[in-house]
Amino acid sequence: MTLRDRLQWVFRMSLLAFILASVAFLSALTAVRFAIQGREVAMPDVVGMKAVEAQHTLQSRGVGIKVEDRIYNPLPLDTVVRQSPAPGSRVKTGQFAHVMLSLGPQKATIPALVDHSLRAARIEMLRSGLQLGEVSSAYLPLGGDDTVIQQEPAPGNSDITSPHIDLLVSLGSRPPAYVMPEMVGLSLAEAESKLNGSGLKVSKLTFSPFPGILHGTVASQTPAHGAKVDANSTIELQLAE
C-alpha cells in the first residue's frame, strides 16, 4: 500500500469515526430532551376541591402541595380558593402547587385592640377566631411600652376576607440619645466612670495585644467617638493585654 493509499484510508476512517460520534451525540441529546419532557406534567385544576382531594390529585401527577394562606370565602371550609401555577401550566414533577384555602363564610367582626397590650390583643384575637398578622413597632409617646396604637382592619369591620389583623405597637418614648465619648487611652476604671456619667455602660470587654500600649488601657472602642448612642446601645471596649 502506497503512502497515498494509507493517507486516504486514514482520512476515510477518521471521517467515519466523526460521523458515528455525531450520530451518538445527537441520539443522546434527543434522549435527554425526551427525558426532560417526560418529567413535565400539566398542572391539574384543584380550585373547588377539598384540601385532601386536591393533595391526592396533585400527588397522582407527581406534584406536591403547599398551603400559603387561608381566607374567608363562600366556599366550604378547607376548599381550595386559588392555586399557583395556573391549571394547565407545564411543571416539572417534584414541584409544588401553592394554594389558598377557604375558612368558610366570614363570621368574625374585628375587635377593638387599640390601647391593649400586645399579649392582651393576641388573646382577644384568639377569642374572635382571628390571627395576628404583621406587627410593626415604633417609638411613640402616644402609649406605653408594648401598647397597640393602630390596627388594620379597623374595629367593627365585618367585611373582611383575611383572618389576620396587622398591629402597630408602641415602644414607648424614645430613650435619651447621647454622643459616644472618647475612650481610647483611658484605663478601664476611667472609661467606665466616664460612660456612667453619660448614662451609658460597657456591654463587652475584650483583651488583645497592642504593642506599646499599657496593659489595661482602652485601645479601641465601638461605637466610635462621636457616634449617636442611647442607653440600650452595645458598647464594646478592647483593652491592651
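The values are calculated or read from the model by the stated rules, or taken from the named source; none is laboratory data. Fair warning: this is a prediction, and the values are worked out from it, not measured in the lab. Glycine gets a Cβ as well: all are built from the backbone with ideal geometry, and neighbour counts include every protein chain shown.
Tell me, please, whether a residue that is among the basic types (Lys, Arg), under 24 Å from Leu132 (Cβ atoms) and not assigned by TED's automatic domain parsing to the domain that holds Ile160 can be found in region 86-104.
Among the residues of region 86-104, not one is among the basic types (Lys, Arg), under 24 Å from Leu132 (Cβ atoms) and not assigned by TED's automatic domain parsing to the domain that holds Ile160, which makes the answer no.
From the list His225, His215, which one is part of a loop (DSSP other than H, G, I, E, B) and more than 30 Å from Tyr139 (Cα to Cα)?
Exactly one of His225, His215 is part of a loop (DSSP other than H, G, I, E, B) and more than 30 Å from Tyr139 (Cα to Cα), namely His215.
Please specify each residue of region 96-113 satisfying the condition of being modelled with pLDDT of 90 or more and either surrounded by fewer than 16 Cβ atoms within 10 Å (Cβ to Cβ) or among the charged types (D, E, K, R) (or both).
Of everything in region 96-113, those that are modelled with pLDDT of 90 or more and either surrounded by fewer than 16 Cβ atoms within 10 Å (Cβ to Cβ) or among the charged types (D, E, K, R) (or both) turn out to be Phe96, His98, Ala112.
Suppose we filter region 76-93 for residues that are surrounded by fewer than 16 Cβ atoms within 10 Å (Cβ to Cβ) and either β-branched (Val, Ile, Thr) or assigned to a helix (DSSP H, G or I) (or both); how many remain?
Within region 76-93, residues that are surrounded by fewer than 16 Cβ atoms within 10 Å (Cβ to Cβ) and either β-branched (Val, Ile, Thr) or assigned to a helix (DSSP H, G or I) (or both) number 1.
Looking at region 58-72, which of its residues are buried (at least 17 other Cβ atoms within 10 Å of the Cβ) and assigned to a helix (DSSP H, G or I)?
Leu58
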